[in-house]
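For reference, the structure is listed below as structure tokens.
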Amino acid sequence: MNDASHKITTSQTIGPFSHEAWKWATDATLPGNLKIEGPSILVGGVIHDGDGNPINDAQIEAWTPDGAAAEAEHAIPGFRRVPSGADGEFSMRVPLPQPATRGEPVMYVTVFARGLVKHQFTAVFLEDDTGLAQSAILNQVPEARRATLLARKTGDGQYHWDIWMQTEKETVFFDYA
Amino acid sequence: MKFDTVEPGTWPELIHPPYKSTVKRGPLQPNLRIEAPVPVSQNIAATPRILLPHDTDLTAHGESEPLGEKIVVTGRVLDEDGKPVRNSLVEVWQCNSAGRYWHSRDQHAAPLDPNFYGLGKMLTDDDGRYRFVTIKPGPYPWGNHDKAWRPAHIHFSLFGNVYAQRLVTQMYFPSDPLFDYDPIFQSIPDEAARQRLVSRFSLEQTVGAEMLGYEFDIVLRGRNATPMGL
């Protein structure tokens, strides 16, 4: 058990007013401000609530640890921060580490929103990654829910991945041990 | 690092009906606990080059002094072993002394202050300490229910030393009469966990005749950090 004096600080919602404070990292995330050496992909989608309505005040953060070396000039290499738009939409360009067939997440994702009292961790895999069957993370996810973590290829270097906070499509969110 | 399961009642309830927007936004499935070495051993690299000159003095962003009570807020960021979380990015944001955010969606009929935006960021030092100067934020109505007023608070965003330590929370002020009526604060079942979000007045941190001091220590999840902080 932990010492009583070092019990964790709990979470509170990000609320609706984070955008100005978080903008410096959002700006650094804009495609025009990125200098990625090597291949990259665009991952986009929509974040939905339990009624299927878009969430228009979420903040989505992505982290591609293996891609950080490809963008050493970036304010925070390998990091992206995107507020969802009026229709719940978001997209971000991230480096694609090689080989892209590793069964590893193409990005680790953290979700924040008004009405979400604690951030949620998830991760995105590419559907055409031939290493998915050997994925150490996916193999810990019940098979029926794995599809919620797969981004669908929609074009050359383009992928679609939605976030569902609830419903039968609810995205798998993690607690890292 | 190692991340123990969090004691029941510590996290707020993801579905907490008195806070209406949780009902359709909180996940219904419990978080899936998994072993994944990267999130508990690596992190984004925050460097001093992202910091701007006045990021730790929120009263220095305008052409003159903002209105309200100038305060200093400081504290240490620690892990569950009590070890300092060093060189770690902290972002803060808040409304002004009248309870209004510098944000296009804030429609509260209180005045903006042209000298106060309420935005800051910093890195913790070798002792895990952060410190910033600001204006004490005001309470504000938020429309969740009749007479819904938020207790005064400052939003904190913390990156920790490994990715899985990420945390966004709110710091409150001592003896706020609105605590009992605030469903966001009350969404945390455990009384002690709620109280850990309340800063304490500090005469030691108070700066002469300039500003009162408040201390707010933050404990992030994780223990058994390697000696180098990762």
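Since every read-out is calculated from the coordinates, none of them should be taken as a lab result. In this text, all values refer to a predicted model and were calculated from it rather than measured experimentally. Cβ: placed from backbone, ideal geometry, glycine included. Neighbour counts: every protein chain shown.
What dipole magnitude, in Debye to the nearest 20, does region B:104-149 give about its Cα centre under +1 on Lys/Arg Cβ and -1 on Asp/Glu Cβ? It would help to have the intermediate numbers written out before the result.
Working: 6 positive and 6 negative charges, 20 e Å.
So the dipole magnitude of region B:104-149 works out to roughly 100 debye.
Within 10 Å of each candidate Cβ there may be at most 12 other Cβ atoms; applying that plus a DSSP loop requirement, which GluC sites (Glu not before Pro) in region B:38-111 survive?
B:63, B:69
Within chain A, which is the longest segment containing none of the trypsin sites (Lys or Arg not before Pro) that sit in a DSSP loop and have at most 15 other Cβ atoms within 10 Å?
A:36-168
Please report the spacing between the Cα centers of region A:100-173 and region A:1-75 in Å, no decimals.
15 Å
Using a basic spin-label model with each label point 7 Å from the Cα along Cα→Cβ, how many nm lie between residue B:127 and residue A:101?
Each label point is offset 7 Å from its Cα along the Cβ direction, giving 5.5 nm.
Could you work out the mean count of beta carbons from other protein chains within 10 Å of each residue's beta carbon in B:36-43?
6
Report the gain in length on full extension from residue B:191 to residue B:2: 0.36 nm times residue separation, minus Cα-Cα distance, nm rounded to one decimal.
Here the answer is 65.5 nm.
Greater than 31 Å separation of Cα atoms is the criterion. Which listed pairs, A:23/B:70; A:35/B:83; B:24/B:83; A:153/B:121; B:20/B:70; A:35/A:169, meet it?
Beyond 31 Å: A:35/B:83; B:24/B:83; A:153/B:121; B:20/B:70; A:35/A:169.
With a 10 Å radius around each residue's Cβ, average the other Cβ atoms per peptide and rank A:58-66, A:132-140, highest first.
In decreasing order of mean packing, A:58-66, A:132-140 become A:58-66, A:132-140.
Connecting C-alpha atoms closer than 10 Å in a GNM of chain A, tell me which of A:17, A:112, A:90 has the biggest fluctuation.
Looking only at A:17, A:112, A:90, the biggest GNM fluctuation is shown by A:17.
For a quick check, take a GNM of chain B with Cα springs below 10 Å and name the residue from B:83, B:70, B:147 with the largest mean-square fluctuation.
In this elastic network of chain B, the residue with the biggest mean-square fluctuation among B:83, B:70, B:147 is B:147.
Using a 10 angstrom cutoff on alpha carbons, build the Gaussian network for chain B and name the most mobile of B:208, B:82, B:62.
Checking each option, the largest mean-square fluctuation is seen for B:208.
Please give the FRET efficiency for residue B:49 paired with residue A:69, using the beta carbon to beta carbon distance and R0 = 22 Å, rounded to the nearest 0.05.
Computed FRET efficiency for residue B:49 and residue A:69: 0.80.
Using +1 at the C-beta of Lys and Arg and -1 at the C-beta of Asp and Glu, which of B:17, B:46, B:77 has the Cα lying farthest in the positive direction of the dipole of chain B?
So the residue we want is B:17.
Provide a whole-number value for the mean count of partner chain Cβ atoms within 10 Å of the Cβ atoms in peptide B:11-23.
4
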